[in-house]
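Written out below as structure tokens is the structure these notes cover.
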């Protein structure tokens, strides 16, 4: 009987006393945005776009890039760069016609500046979505009369 009591006590300790590491839930905070290079842009060689967005909770985030966007394989980018707050996120060599999607872990600031440069393609597009930590719900306040 003592063994069973000890076993139950230790089991309870490990079950409820073990530290729980919970990651923050990531939600879409910006996008999807589309950067498209048309045949008219092909003459200039590159297509550049800049975006400014805020993060409700500064900290860890993720940039998700769909190469070809909604148009699919025929509109994929073969060379592009993406910078966030002056730091390189995606490099030219990350892209080619066989790459469908890319995920990058990033650090988000309260206000973020993203620069996208599409280099090599005639008619192509990128779909970019930024995920950030879900803000905490507002505290519940009690009404006092």
Scanning the range 122-136 for residues that are under 21 Å from residue 53 (Cα atoms) and out of contact with any strand residue (DSSP E or B) (no Cβ under 6 Å at 6 or more places or on another chain), which turns out surrounded by the most Cβ atoms within 10 Å (Cβ to Cβ)?
135
Yes/no for residue 45 being outside any strand (DSSP E or B) and at positive phi:
yes
With the requirement that a residue be within 21 Å of residue 101 (Cβ to Cβ) and within 15 Å of the chain's Cα centre (by Cα), what does the range 123-145 give you?
126, 127, 128, 129, 130, 131, 132
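Taken together, the values in this text are just the output of simple stated rules run on the coordinates, not laboratory data. Values in this document were obtained by computation on a predicted structure and should not be read as measured data. All Cβ positions, glycine included, derive from the backbone under ideal geometry; neighbour counts span all protein chains shown.
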